[in-house]
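Throughout, read-outs are computed from the coordinates displayed, never taken from laboratory work. Keep in mind that this is a model prediction, so the values were computed, not measured. As a convention, Cβ positions derive from the backbone with ideal geometry for all residues, glycine included, and neighbour counts pool all protein chains shown.
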Amino acid sequence: MSGAAAFILLAWAIELAVGWPTWLFKSIRHPVVWLGHLITLLDTALNRSAWRWGLRYSAGAVATLVTVASATGAAVVISRLCPPTWWGIFAEAIIASSLIASRSLHEHVSAVAEPLAAGDLEAARQAVSMIVGRDPKQLDSSAIARASLESLAENASDGVIAPVFWGAIFGLPGITAYKAINTLDSMIGHRTERHEAFGGFAARLDDLVNLIPARLTGFLFVTASFSAQAFKTMLRDANRHRSPNAGWPEAAMAGGLNIRLSGPRQYGNDVSREPWLNEGARDPGAQDVTAGLKLYWRALAIAAAILALIALGQAL
């Protein structure tokens, strides 16, 4: 086996087959947990409320660079230590597989789809609270379906296509660097009083590394939906989203399923007046969450086929 594309294809196959087993998580936790501990340590040490905005931003940039450099450096060392034998490549691929989330994303969204289809709103609200930050008590069935589909679309990019993309280019160091940046964004890249300045650099860096993968994910959804409406909706509405990247896969999914996504939503006592994606279409229901999962797997199958062709080209 030669080339980063073949390596990441192996890692992806391992992730699809076994995920990150519970016994392994209990034994050594998970690489993202390790990253989280480092980020929390740096946040506690360097994020001082008494500092001015510019100084807090600079401190956050230092924390971001230290985290990314530490994670990438560890990945480079592991890559150098693993011999170029089948078992060495397999061991390295197991580590890389932990940084891809196609299996776990399906499991989390399916956990919403099943009780929602059965009419069990309480169970569906509990399940959706695991993947979105909104108050589940305020969500009706359509809002639950919409939230789960938005999470599916966005995380198809952040949790699957983006790590595979960077891993296919730079191997284990590439996928590890991406995951470090993405974890930083999820932990400190929020516009809150504590993190707006400190996490500002991490948030912008995350936007940058997701620029290509998010658009690629959108085009994969368009291709997998066999729908001109998906393409039209993506091009028209992607830039209406509050995120410079998430609007691409979300708008493509909205058009592909002929539903509307995004729109106003409530976080506690605050209402976020977000514009609709595919405005004028119907609200999603339980059946659309199931349809969204099918669209998700078709898109991933196309991505895997493209990756396999790239790996074959690298091998020739």
Working only within region 172-204, note down all residues that are of a type in the set (V, I, T) and either in contact with a Lys or Arg (Cβ under 8 Å, 6 or more places away or on another chain) or in contact (Cβ under 8 Å) with a residue 60 or more places away in the chain (or both).
I175, T176, I181, T183, I188
For I169, are the conditions met, namely being within 14 Å of the chain's Cα centre (by Cα) and either more than 30 Å from A6 (Cα to Cα) or in a helix (DSSP H, G or I) (or both)?
no
Could you tell me which residue of region 65-86 is farthest from the chain's Cα centre (by Cα), considering only residues that are farther than 26 Å from T40 by Cα and surrounded by 12 or more Cβ atoms within 10 Å (Cβ to Cβ)?
C82
Just checking, how many residues over region 54-85 are in a helix (DSSP H, G or I), without any contact (Cβ under 8 Å) to a residue 24 or more places away in the chain and closer than 30 Å to V18 by Cα?
5
Could you tell me which numbered condition D158 fails, if it satisfies all but one of (1) surrounded by fewer than 16 Cβ atoms within 10 Å (Cβ to Cβ); (2) among the charged types (D, E, K, R); (3) touching a residue at least 12 places away in the same chain (Cβ under 8 Å)?
(1)
Determine, yes or no, whether V160 is of a type outside the set (S, T, N, Q) and within 11 Å of the chain's Cα centre (by Cα).
yes
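One line per residue, one yes/no per condition, for (1) in contact with a strand residue (DSSP E or B) (Cβ under 9 Å, 6 or more places away or on another chain); (2) small (G, A, S); (3) in a helix (DSSP H, G or I); (4) surrounded by fewer than 24 Cβ atoms within 10 Å (Cβ to Cβ):
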residue	(1), (2), (3), (4)
G88	no, yes, yes, yes
H108	no, no, yes, yes
A113	no, yes, yes, no
A124	no, yes, yes, no
A143	yes, yes, yes, yes
L152	no, no, yes, no
Being in contact (Cβ under 8 Å) with a residue 24 or more places away in the chain, crowded, with 24+ Cβ neighbours inside 10 Å and of a type in the set (D, E) is true for just one of D237, D207, D283. Which residue is that?
D237
Testing G256 on (1) surrounded by fewer than 21 Cβ atoms within 10 Å (Cβ to Cβ); (2) within 21 Å of the chain's Cα centre (by Cα), one condition comes back false. Which one is that?
(1)
Report yes if A147 is out of contact with any strand residue (DSSP E or B) (no Cβ under 9 Å at 6 or more places or on another chain) and not acidic (D, E), otherwise no.
no
Determine if region 163-182 includes at least one residue that is surrounded by fewer than 21 Cβ atoms within 10 Å (Cβ to Cβ) and in contact with a strand residue (DSSP E or B) (Cβ under 7 Å, 6 or more places away or on another chain).
no
